[in-house]
Amino acid sequence: MPTVSLSTSKPTTARADVLILGIRGDDDKGDLAETLDLLGFTGEKGQVVTFPSAGLTKAPLVVAVALPAEPTAEDLRRAAARGVKAAKNASSAAVALHPAGVDEVEAIAEGLALGSYTYETYKTKKKDAKKKTELATAAILTPFARQTTAATAVERAATVAAAVNAARDWVNTPPGDKRPADLAESFAAHAGNDVKVSIWDEKRLAKEKCGGILGVGLGSDSPPRLLTLSYEPAAAVSHLALVGKGITFDSGGLSIKPGASMQTMKLDMAGAAAVVAATVAIARLGLPIKVTAYACIAENMPSGRATRPGDVLTMRSGATVEVHNTDAEGRLVLADGLALAAETKPDRIVDVATLTGACMVALGQLTTGVLGNDETLSDTVLAASKAAGESMWPLPITEEMKGIVTSSSIADLRQHNPKSYGGTLFAASFLREFVGDIPWAHLDIAGPSFNEGSAYDYTPVGGTGSGVRTLVKLATELAGVK
């Protein structure tokens, strides 16, 4: 991740390996107009062209990125990322995207940090191979460079981007290297001294009657864990509880998935990664809001010990649940986490999970579904997601789902919808049973948490860090910080 600074230099005089130049129309082309026209630069959305500056700028290379006439913060965030990706082998960049305010400076800084992410932990390189130069520094050219608020915005962007990139790293880690105990320890190490950390092993989980997490983890020879993070500043104005699904690998259990469907199931802990990364970022930003986060971690595997369809689990809340499909395990671990969160009487609860394929059917691969029991909280989450630049959309928990969730003939609740319709709504209705009357929102990130296609803008291949920016923005809004 490059070190980002601010500068009042003009685009033509800034010294760097590359100039990333935003073009909003013909007026922005200046002395580069002839070159841009020859290269076929029309300003079409997303367009990028790279060419030698031929002495027209101090930077030997120019990356021109198209911008709309009045770009949003998200437009600038994506443009900055596109510029970074095009600036191959440059170690320094000057970034002239013409921000109109400090918020836009922050968005550009985020785009630079997010767009430069790569995951090469498991790549081996030949000794004689030429190592690619990585972008080390980037200077945002802006008249706000000497303002304290702008410097603070850049620092905030670095903290948030580092959190997103941490979540990406966890999701990208192969499942054999992040089994439940390993992932819990990695989460704890990341938290450092910024927040208090507690880890419950299988014995403590049994003592605390967390039957959902234990039931999902029964089939694995790597027992489950529950990690709790606590950040409690002295002047906290509110208490936000976060709960994340942390299935380190999802085989489907005895309701086993087809082989092809397992290939990317290392992603099934993306919700836990999001709440842990966001909580640590909130603490490092010093926001005046109490946050308690629960990462519900298990490996869903088939074995002679595994939970069977037809089994009944007793959850932390005391409710009994009839299991119908062991591949619908996320709601079981979340139920215990939500019950624990509700016991602390927070002002609000938000859970994040790669929960249902049905949400991808409804909203596609790029949009998170938002469901809950409180319209005001859902609206606040959606507003935070828009400000953060993450695509989210509201879905209802329809009235008939309550009757289906409580339709088991032998237990209080049934775990899985007997019909193939409304899977996301049923899952959210099931989770609602464990939060009581506390305002609660559920974020289903099944689609946007993992990118199986090519990298684009600031979205890399693999783990995306989905949800982290929205959670931080939500905490910022709830804390009343401008």
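Are any residues in region 137-194 among the basic types (Lys, Arg) and within 23 Å of Arg225 (Cβ to Cβ), and if so, which ones?
Passing the criteria: Arg168, Lys178, Arg179.
Just to verify a result, which residue in region 15-31, among those that are within 23 Å of Lys88 (Cβ to Cβ) and within 34 Å of the chain's Cα centre (by Cα), is most open to solvent (accessible area, probe 1.4 Å)?
By that ranking, first place goes to Asp17.
Kindly provide the set of residues from region 251-269 that are in contact (Cβ under 8 Å) with a residue 24 or more places away in the chain and open to solvent by 10 Å² or more (accessible area, probe 1.4 Å), ordered by number.
Those that are in contact (Cβ under 8 Å) with a residue 24 or more places away in the chain and open to solvent by 10 Å² or more (accessible area, probe 1.4 Å): Leu254, Ser255, Ile256, Lys257, Thr264, Met265, Lys266, Leu267.
Could you check how many residues of region 320-360 are in a loop (DSSP other than H, G, I, E, B) and of a type in the set (Val, Ile, Thr)?
Final tally of qualifying residues: 5.
Select from region 73-106 the residues that are part of a loop (DSSP other than H, G, I, E, B), open to solvent by 40 Å² or more (accessible area, probe 1.4 Å) and closer than 22 Å to Pro460 by Cβ and write down the one among them that is modelled with the highest pLDDT.
Among residues in region 73-106 that are part of a loop (DSSP other than H, G, I, E, B), open to solvent by 40 Å² or more (accessible area, probe 1.4 Å) and closer than 22 Å to Pro460 by Cβ, the one modelled with the highest pLDDT is Ser91.
Looking for whichever is surrounded by fewer than 24 Cβ atoms within 10 Å (Cβ to Cβ), touching an Asp or Glu at 6+ places or on another chain (Cβ under 6 Å), at pLDDT 95 or above and at negative phi here; the options are Ala411, Ala383. Which one fits?
Just one listed residue meets the conditions, Ala411.
Quick one: in region 391-408, which of the residues that are over 19 Å from Ala335 (Cβ atoms) and hydroxyl-bearing (Ser, Thr, Tyr) is surrounded by the fewest Cβ atoms within 10 Å (Cβ to Cβ)?
Across region 391-408, the extreme among qualifying residues is Thr398.
List the pairs whose first member sits in region 1-23 and is under 20 Å from Gln147 (Cβ atoms), whose second member is part of a strand (DSSP E or B) and open to solvent by 60 Å² or more (accessible area, probe 1.4 Å), and whose Cβ atoms are under 9 Å apart, counting only residues at least 6 apart or on separate chains?
If the second residue must be part of a strand (DSSP E or B) and open to solvent by 60 Å² or more (accessible area, probe 1.4 Å), the pairs left are Thr3/Thr137; Val4/Thr137; Ser5/Thr137.
Can you name the number of the only condition in (1) among the basic types (Lys, Arg); (2) over 18 Å from the mean Cα position of the chain (by Cα); (3) open to solvent by less than 10 Å² (accessible area, probe 1.4 Å) that Lys245 fails?
Lys245 satisfies every listed condition except (2).
Can you name every one of the strands (runs of 3 or more DSSP E) wholly within region 127-239 that holds 1 or more residues which are closer than 30 Å to Thr8 by Cα and in contact with a strand residue (DSSP E or B) (Cβ under 8 Å, 6 or more places away or on another chain)?
Where strands (runs of 3 or more DSSP E) fall fully within region 127-239 and carry at least 1 residues being closer than 30 Å to Thr8 by Cα and in contact with a strand residue (DSSP E or B) (Cβ under 8 Å, 6 or more places away or on another chain), they are 137-141.
The values are calculated or read from the model by the stated rules, or taken from the named source; none is laboratory data. It should be emphasised that the depicted structure is a prediction, and the values quoted were computed from it without experimental measurement. When we count neighbours, we look across all protein chains shown, and the Cβ atoms used for this are built from the backbone with ideal geometry, even at glycine. The protein model used for the area step is the full one, side chains on, heavy atoms only, and it has no ligands, DNA or RNA in it. Shrake-Rupley method; radii C 1.70, N 1.55, O 1.52, S 1.80 Å.
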